[in-house]
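This report refers to the structure that appears directly beneath it.
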Amino acid sequence: MDIKSIHHVAILTDNYEQSKLFYTEILGFEVIKETFRKERNSFKLDLSINGVYQIELFSFPETKPRASFPEQKGLRHLAFGVTNIEKAREELIFKSIDVEAIRIDEITNKKFCFFKDPNNQPLEFYEI
């Protein structure tokens, strides 16, 4: 195998407009392409961070809620690297997003904090 990197992360939503606003206006991802797939009654929004393709946001009329937070088998959370966690956290709070307190990773001694997207998907800021 010749795996070079993680190509993208796919996120499902039952409220496309709310999720699109969150990832573009709140977190600042850039829209690469937005596609409506009529046969599925579904949008697909390709998003980038700093020009690098990262997130596929899908809308589906029928989705199931997340079973628990964040301890569910499968994807636990997405972590975004930030250079100034205090500033990143304050920006979310200013935009009325609930954010947990900053903690210290006991293994790396790096700062991190958790918050949720509109789909209750756990997200993390991790200071790099």
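The values are calculated or read from the model by the stated rules, or taken from the named source; none is laboratory data. The shown structure was predicted, so the numbers you read here are calculated from the model rather than taken from an experiment. No Cβ is skipped: glycine too gets one built from the backbone with ideal geometry, and neighbour counts run over all protein chains shown.
Condition (residue is outside the structural domain of ILE128 (by TED's automatic domain parsing), of a type in the set (Gly, Ala, Ser), over 14 Å from the mean Cα position of the chain (by Cα) and closer than 20 Å to ILE128 by Cα) applied to segment 43-58: is it met by at least one residue?
Yes, segment 43-58 has at least one match.
Looking at (1) in contact with a Ser or Thr (Cβ under 6 Å, 6 or more places away or on another chain); (2) over 19 Å from GLU124 (Cα atoms); (3) of a type outside the set (A, V, I, L, M), find the lone condition where GLU17 falls short.
All conditions are met except number (1).
Residues in segment 77-100 that are of a type in the set (A, V, I, L, M) and assigned to a strand (DSSP E or B): how many?
We begin by selecting, within segment 77-100, every residue of a type in the set (A, V, I, L, M); these are 78-79, 82, 85, 88, 92-93, 97, 99.
Subset that is assigned to a strand (DSSP E or B): 78-79, 82, 99.
Here the count works out to 4.
Just name the residue that is surrounded by the fewest Cβ atoms within 10 Å (Cβ to Cβ) out of those in segment 10-62 that are β-branched (Val, Ile, Thr) and modelled with pLDDT under 95.
Ranking the candidates gives VAL52 first.
When you scan segment 75-109, how many residues do you find that are over 28 Å from THR13 (Cα atoms), surrounded by 11 or more Cβ atoms within 10 Å (Cβ to Cβ) and out of contact with any Cys (no Cβ under 8 Å at 6 or more places or on another chain)?
4
Can we say SER42 is of a type in the set (Gly, Ala, Ser), farther than 17 Å from LEU78 by Cα and touching a Pro at 6+ places or on another chain (Cβ under 8 Å)?
When the stated conditions are applied, SER42 passes them.
Considering each residue of segment 110-128, count those that are among the polar types (S, T, N, Q) and under 15 Å from VAL9 (Cα atoms), and give that number.
2
What do you reckon, is ILE55 within 19 Å of PHE125 (Cα to Cα) and either part of a strand (DSSP E or B) or in contact (Cβ under 8 Å) with a residue 12 or more places away in the chain (or both)? Walk me through how you get there before you give the answer.
Values: within 19 Å of PHE125 (Cα to Cα): yes; either part of a strand (DSSP E or B) or in contact (Cβ under 8 Å) with a residue 12 or more places away in the chain (or both): yes.
So ILE55 fits the description; yes.
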